[in-house]
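Student: Next up is a structure, given as structure tokens.
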Amino acid sequence: MENLMEKIRIITDSASDLSASTREDLTILPLAIRFGDTEYLDGVTISHHEFYEKLIESDTLPTTSLVSPAAFEEVYARAVADGETVIAITISGRLSGTYQSATIAAEDFAGKVFVIDSYNATIGEGILVKYALLLKDQGLSAKEIVGILEASKEQIHTLGVLDTLEYLKKGGRISAATAFLGGAMAIKPVVAVSEGEIIMLGKARGSKNGNNFLMKEIEKADGIDFTRPFCLGYTGLSDEMLQKYIKDSEALWSGHTDQLPVCSLGATIGTHVGPGAIAVAFFSPQS
């Protein structure tokens, strides 16, 4: 039910990978992606598919840049002028300066704009945005929604398995020797978002073991809260690795959901992990 007393607008950045959203009450501000001298706007002037085509062809990694305070200020001003209260949800402040931009821009809109650091990225950020929209649809006020999101964001788990070490090597995060050895041994790094940063949980040999590692991590988190948003994601031009994972992990989803929400992961994460990675984001059950 729409809250009749208060008009609420949710604003996020394109790192949330919600670029395909059709909701009128959701504004997505694009991060910029630069390949050499050419700059693109994530999800606006370059699609995820086009991004991975360029990434695969490019010898050097592209760079991504934050959403500016001016971009936030412009959408805040428009929303407030239309009588809306704004909830802005951003990529982790430890991964991008976008949260800081959103906060700086909010200074002139006291009581009208609330900014939340998701402590997350990609689909982990995305499910917090989806949860905000769900709570809005239930008729909650902006302040109530902000309180629930701040308490709930700690319950989000974002986990992933990488298919290649090549992009970690290109980004200077691992040595060429480590990447070569890892490739020869079919090593699949397993990563997670922890306290707003991306950490390495471990390494698995081959994609089957990587998928099993992921399933064990989900069990460690006491499973998935299917009453709140969750999402699966993949990087690259094909979801083949993700479909393999879904088949391997069928027991996790069976009987809980008829349809698995799947999305393509964009440039913010794709630049660092390369194609062929898979990810899952979910809330752990409320105690």
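Student: When the residues of region 221-256 are filtered to those that are in contact with a Ser or Thr (Cβ under 7 Å, 6 or more places away or on another chain) and farther than 26 Å from Leu134 by Cα, which remaining residue is least open to solvent (accessible area, probe 1.4 Å)? Working first, answer last.
Tutor: The first filter runs over region 221-256 and keeps only residues in contact with a Ser or Thr (Cβ under 7 Å, 6 or more places away or on another chain), leaving 221-222, 225-226, 233-234, 241, 244.
Then keep just the ones that are farther than 26 Å from Leu134 by Cα; that gives 241, 244.
On the way: Met241: 46, Lys244: 92 Å².
The selected residue is Met241.
Student: When both residues are 6+ apart or on different chains and their Cβ atoms are under 6 Å apart, which pairs have a first residue that lies in region 82-107 and is among the charged types (D, E, K, R), and a second that is modelled with pLDDT of 95 or more and buried (at least 19 other Cβ atoms within 10 Å of the Cβ)?
Tutor: Pairs that qualify, where the first residue is among the charged types (D, E, K, R) and the partner is modelled with pLDDT of 95 or more and buried (at least 19 other Cβ atoms within 10 Å of the Cβ), are Glu84/Arg9.
Student: To continue, here is another question. Among the candidates Val75, Val86, single out the residue that is assigned to a helix (DSSP H, G or I) and farther than 21 Å from Ala277 by Cβ.
Tutor: Numbers: Val86 fails: assigned to a helix (DSSP H, G or I).
Within the list Val75, Val86, the selection yields Val75.
Student: Looking only at region 234-246, decide whether some residue is of a type in the set (Phe, Trp, Tyr) and over 16 Å from the mean Cα position of the chain (by Cα). Quick ask: steps written out before the conclusion?
Tutor: Here is the first cut: in region 234-246, the ones of a type in the set (Phe, Trp, Tyr) are 234, 245.
Now narrow it down to the ones that are over 16 Å from the mean Cα position of the chain (by Cα): 245.
Looking for residues that are of a type in the set (Phe, Trp, Tyr) and over 16 Å from the mean Cα position of the chain (by Cα), one finds at least one in region 234-246, hence yes.
Student: Quick one: which residue in Ile156, Ile218 is open to solvent by less than 20 Å² (accessible area, probe 1.4 Å) and modelled with pLDDT of 95 or more?
Tutor: On the way: Ile218 fails: modelled with pLDDT of 95 or more.
Being open to solvent by less than 20 Å² (accessible area, probe 1.4 Å) and modelled with pLDDT of 95 or more holds for just one of Ile156, Ile218, which is Ile156.
Student: A follow-up question, please. Scan region 80-103 for residues that are within 20 Å of Gly124 (Cβ to Cβ) and of a type in the set (Gly, Ala, Ser) and jot them down.
Tutor: Listed by number, the residues that qualify are Ala88, Ser92, Gly93, Ser96, Gly97, Ser101, Ala102.
Student: Which one is most open to solvent (accessible area, probe 1.4 Å), of the residues in region 8-59 that are under 27 Å from Ile156 (Cα atoms) and basic (Lys, Arg)?
Tutor: Selected residue: Arg23.
Student: Moving to a separate point now. Restricting to region 18-61, name every residue that is β-branched (Val, Ile, Thr) and assigned to a loop (DSSP other than H, G, I, E, B).
Tutor: Here is the first cut: in region 18-61, the residues β-branched (Val, Ile, Thr) are 22, 27-28, 33, 38, 44-46, 56, 60.
Within region 18-61, Thr22, Val44, Thr45, Thr60 meet the criteria.
Student: A further question follows. Within region 214-256, track down each residue that is touching a residue at least 24 places away in the same chain (Cβ under 8 Å) and among the aliphatic types (A, V, I, L, M).
Tutor: Within region 214-256, Leu214, Met215, Ile218, Ala221, Ile224, Leu232, Leu237, Met241, Leu242, Leu252 meet the criteria.
Student: Can I ask one more? Say we look at region 101-127 and pick out the residues that are crowded, with 21+ Cβ neighbours inside 10 Å and of a type in the set (Gly, Ala, Ser); which of these is nearest to Ala15 (Cα to Cα)?
Tutor: Looking at the filtered set, the residue picked out is Ala121.
Student: Further question on the same structure: Given the criteria open to solvent by 50 Å² or more (accessible area, probe 1.4 Å), closer than 24 Å to Leu237 by Cβ and in a strand (DSSP E or B), does Thr64 qualify?
Tutor: On the way: open to solvent by 50 Å² or more (accessible area, probe 1.4 Å): yes; closer than 24 Å to Leu237 by Cβ: yes; in a strand (DSSP E or B): yes.
Yes: the conditions hold for Thr64.
Student: Mind checking which residues of region 73-110 are more than 21 Å from Ile148 (Cα to Cα) and within 19 Å of the chain's Cα centre (by Cα)?
Tutor: Residues satisfying the conditions are Arg94, Leu95, Ser96, Gly97, Thr98, Gln100, Ser101.
The values are calculated or read from the model by the stated rules, or taken from the named source; none is laboratory data. Note that this is a predicted model, so its numbers are computed, not measured. Cβ: placed from backbone, ideal geometry, glycine included. Neighbour counts: every protein chain shown. Just so you know, the surface numbers come from the protein's heavy atoms only, side chains and all, with ligands and any DNA or RNA stripped out. Shrake-Rupley method; radii C 1.70, N 1.55, O 1.52, S 1.80 Å.
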